[in-house]
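Q: Let me give you the structure first, and then I'll get to my questions.
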Ligand SMILES: Nc1ncnc2c1ncn2[C@@H]1O[C@H](COP(=O)(O)OP(=O)(O)O)[C@@H](O)[C@H]1O
Ligand SMILES: [Mg+2]
């Protein structure tokens, strides 16, 4: 069986795995964005316990491997009576992990805005929250797009780690096909091509989105 | 002390230190309704810090600030309310770059005063007209010259209908040929009776527009008086020295 015969036989199976990878990544990213915004707001808060918690959170999440975090959620939590499905465990671990990175991206983005903007907004009589919403965020979000897209791509690649908790996603399909066909080279190269296609699509559309935002002033 | 209705802005024994550095050292100042007060002095003498204390961007280490007879609140919500009475114009404009000139001027009335959109827009057009930039209403700040940006910034501050305007070296960041158009707008406000506290290096302009000039050095008020007196017959050697050193810009 040459590579093209291999592809025509297994492409469908890989595509199904890729679909699960997309689901995992999107769910993880959405959780990561929501929690990341919360953590970054805590980080910028005037209330010190919030600030303290946010720093602790990003420190722990970014300072430990995703694989360890995943195992704690999937294998560790049942020990305290919380048995989650592989899918739930996967998106929780991916979400909590990316929240740490997203929070840092947002914090850096907001702090990159000239402090004069906040002062000008407050001078008009805006309250802190109004100034954030009307003046700071709208300027920051354009700068956030490129690093958030990087995070999206990284998360998609990192999602391959959840193959270790028997999630049948793209990487896991690669392993299964490899062991049933005894063709590991073809199997993993096919998996790699699927990953490459997906990350390229993300980069392509984010480039378009970025230019569109620029055009709008 | 009886409350003086005509005093819009008052600082009593205002001092401010950053760590060991004493920036303001017992400043007493009162600005009356309709008065134009110019502050001059060498760079680093605390002029910006004083203005920032007046609208709560800095908190004095000691002393009190009163706006329209009310001490400046430490409560953020109340402070925000009081700031509506103070129009601030910065040296570096600080226009909102993601908004057009018109939107910059509308922003305060819309967000803070909750003004109706139509009304806010009409007022913004009127104010842009007043600063001579009606035709630039839909331009983003990055497409405007420094002088135009500063005029939009003045319109933005005016949109809140402040009781007093605080202007911190409004022309210092401008190319020389753009200074005149901004001074002209400020001159216009003065002749309409707007109360203003203006920090400036434009001595000729200060003499022309101000009712009273204050000379500050090392965080203290060294000398103050009507412009003719201060510029032509300065009493303190420190003032004399400063006036000799400043290169006199051409009259506007
Ligand atoms: N936030 C700050 N922290 C520390 N020092 C400051 C701060 N703001 C101003 N200063 C110092 O205070 C002094 C007076 O500054 P400023 O009020 O800007 O003077 P001016 O406007 O008269 O040039 C300067 O020495 C400046 O470095
Ligand atoms: Mg200054």
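Coordinate-derived values only; no laboratory data. Not measured: the values here are computed from a predicted model. Here the Cβ is made from the backbone with ideal geometry for all residues, glycine too, and neighbour counts use every protein chain on show.
Q: Going 7 Å from the Cα of residue B:43 in the Cα-to-Cβ direction, what parts of segment B:51-83 have a backbone nitrogen less than 20 Å from that spot?
A: B:51-52
Q: Please label the shape of segment B:79-214 as rounded, prolate or oblate, based on the square roots a ≥ b ≥ c of the eigenvalues of the alpha-carbon gyration tensor (a/c under 1.5 means rounded; beyond that, a/b larger than b/c means prolate, else oblate). Kindly include the intermediate steps, with their values, before the conclusion.
A: On the way: a/c = 1.85, a/b = 1.31, b/c = 1.42.
Oblate.
Q: Relative contact order of segment B:1-147: what whole-number percent is it, with Cα pairs under 8 angstrom and at least 6 residues apart? Write out the running numbers ahead of the final one.
A: Details: 170 pairs, mean separation 28.6, N = 147.
Value for segment B:1-147: 19 percent.
Q: Tell me the angle of helix B:176-191 to the major Cα principal axis of chain B, expressed in degrees between 0 and 90 and rounded to the nearest ten.
A: Computed tilt is about 90 degrees.
Q: What is the extension gain from residue B:175 to residue B:125, computed as 0.36 nm multiplied by their sequence separation minus the C-alpha to C-alpha distance, in nm to one decimal? Could the numbers behind the result be given before it?
A: On the way: separation 50, 0.36 × 50 = 18.00 nm, distance 2.63 nm.
Gain in length upon complete extension: 15.4 nm.
Q: Right, something else. Round to the nearest 10 and give me the degree value, 0 to 90, for the angle of helix A:184-215's Cα axis relative to the longest principal axis of chain A.
A: With both axes taken from Cα atoms, the answer is about 30 degrees.
Q: While we're looking at this one, here's another question. Grab the beta carbon distance between residue B:32 and residue B:243, set R0 = 22 Å, and tell me the FRET efficiency rounded to 0.05. Don't jump to the answer; show the numbers that get you there.
A: Working: r = 25 Å, r/R0 = 1.15.
It comes out at approximately 0.30.
Q: Would you please state which residues of segment A:191-211 a label at residue A:15 would reach in this model, taking the label point 7 Å out along Cα→Cβ and a backbone N cut-off of under 20 Å?
A: Hits in segment A:191-211 for residue A:15 at 20 Å: A:191-202.
Q: Counting other C-beta atoms within 10 Å, which of B:208, A:46, B:98 has the fewest, and how do the rest follow?
A: Details: B:208 15, A:46 8, B:98 20.
The fewest-first ordering by Cβ neighbours comes to A:46, B:208, B:98.
Q: Which of the peptides B:119-129, A:84-94, B:231-241 is most tightly packed, and how do the rest follow, judged by the mean count of other Cβ atoms within 10 Å per residue?
A: Numbers: B:119-129: 18.1, A:84-94: 20.5, B:231-241: 14.3.
Listed from highest to lowest mean packing, they are A:84-94, B:119-129, B:231-241.
Q: Decide, for chain A, between rounded, prolate and oblate: order the square roots of the alpha carbon gyration tensor eigenvalues as a ≥ b ≥ c, take rounded if a/c falls under 1.5, and otherwise choose prolate if a/b is larger than b/c, else oblate.
A: Values: a/c = 3.68, a/b = 1.70, b/c = 2.16.
Oblate, because a/c is 1.5 or more while a/b does not exceed b/c.
Q: OK, next. For a quick protection proxy, order the peptides A:5-11, B:191-197 by their average other-Cβ count within 10 Å, most packed first.
A: Numbers: A:5-11: 14.1, B:191-197: 16.6.
Top of the packing list down: B:191-197, A:5-11.
Q: Looking at the square roots a ≥ b ≥ c of the eigenvalues of the Cα gyration tensor of chain B, which shape do they give, rounded for a/c under 1.5, prolate if a/b is larger than b/c, or oblate?
A: It comes out oblate by the Cα gyration axes.
Q: Can you compute the helix-only [θ] at 222 nm over the protein assembly as shown? Use -39500 (n - 2.57) per DSSP H run of at least 4 residues, normalise by all residues, nearest 500 deg cm²/dmol. Before the final figure, lay out each step's value.
A: Details: 18 runs with 260 residues, N = 469.
My calculation for the protein assembly as shown gives -18000 deg cm²/dmol from helical runs alone.
Q: Among DSSP beta bridges lying fully in chain B, give the percent that are antiparallel, nearest 5. Before the final figure, lay out each step's value.
A: Numbers: 20 of 37 bridges.
Of all bridge pairs located within chain B, approximately 55 percent are antiparallel.
Q: Also, I was wondering about something else. Determine the shielding of peptide B:56-62 by partner chains: average, over its residues, the number of Cβ atoms on other chains within 10 angstrom of each Cβ.
A: Values: counts 2, 4, 0, 0, 0, 0, 0.
Mean number of neighbouring Cβ atoms from other chains: 1.
Q: Expressed as a whole number of Å, what is the distance separating the alpha-carbon centroids of segment B:166-214 and segment A:1-69?
A: 55
Q: If you don't mind, another one. Normalised by the number of residues in segment A:22-102, what is the relative contact order in percent for Cα pairs under 8 Å and 6+ residues apart?
A: Working: 90 pairs, mean separation 43.4, N = 81.
Relative CO of segment A:22-102 lands at 54 percent.
Q: Using the count of nearby Cβ atoms within 10 Å as a rough guide to exposure, how do A:51, A:134 rank from fewest to most?
A: On the way: A:51 14, A:134 19.
Least crowded to most crowded, the residues run A:51, A:134.
Q: For the protein assembly as shown, what is the percent of antiparallel DSSP beta bridges, rounded to the nearest 5? Walk me through the numbers on the way to the answer.
A: Numbers: 20 of 37 bridges.
Beta bridges within the protein assembly as shown, antiparallel portion: roughly 55 percent.
Q: Under the definition of Cα pairs under 8 Å and six or more residues apart, what whole-number percent is the relative contact order of chain B? If you can, show how the numbers build up before the last one.
A: Values: 475 pairs, mean separation 64.2, N = 252.
Over chain B, the number comes to 25 percent.
Q: Connecting C-alpha atoms closer than 10 Å in a GNM of chain B, tell me which of B:85, B:201, B:94 has the biggest fluctuation.
A: Greatest mean-square fluctuation among the candidates belongs to B:94.
Q: Related question: Using Cα atoms only, what is the angle between the long axis of helix B:117-130 and the major principal axis of chain B, expressed in degrees (0 to 90) to the nearest 10?
A: Value to nearest ten degrees: 50.
Q: Within segment A:117-141, name every residue whose backbone N is under 17 Å away from a label modeled 7 Å from Cα of residue B:77 along the Cβ vector.
A: So the set is A:125-131.
Q: Next question. What average number of partner chain Cβ atoms lie no more than 10 Å from the Cβ of the residues making up A:113-122?
A: On the way: counts 1, 3, 1, 6, 5, 2, 6, 14, 6, 8.
Per-residue shielding by partner chains comes out at 5.
Q: Here's something else I'd like to know. Of the candidates A:58, A:21, A:181, which one comes out as most mobile in a Gaussian network treatment of chain A with C-alpha springs shorter than 10 Å?
A: A:181
Q: Could you calculate the FRET efficiency of residue B:114 with residue B:92 from 1/(1 + (r/R0)^6), where r is the beta carbon distance between them and R0 is 35 Å, rounded to 0.05? Display every interim value, and only then the final one.
A: Details: r = 29 Å, r/R0 = 0.82.
Taking R0 as 35 Å, the efficiency between residue B:114 and residue B:92 is 0.75.
Q: Along the Cα→Cβ direction, 7 angstrom out, place labels at residue B:184 and residue B:7. What is the inter-label distance in nm?
A: Output for this residue pair reads 3.8 nm.
Q: Taking 41 Å as R0, compute the FRET efficiency from the Cβ-Cβ separation of residue A:114 and residue B:208 and round it to 0.05.
A: Values: r = 33 Å, r/R0 = 0.80.
Result of the calculation: an efficiency of 0.80.
Q: Mind checking the mean number of beta-carbon atoms from other chains within 10 Å of the Cβ atoms in A:124-133?
A: On the way: counts 19, 15, 7, 7, 3, 0, 4, 2, 0, 1.
Counting Cβ atoms of other protein chains within 10 Å of each residue's Cβ and averaging gives 6.
Q: Using Cβ contacts closer than 10 Å as the measure, can you line up B:105, A:203 from fewest to most?
A: Working: B:105 32, A:203 13.
If I rank by nearby Cβ atoms, fewest first, I get A:203, B:105.
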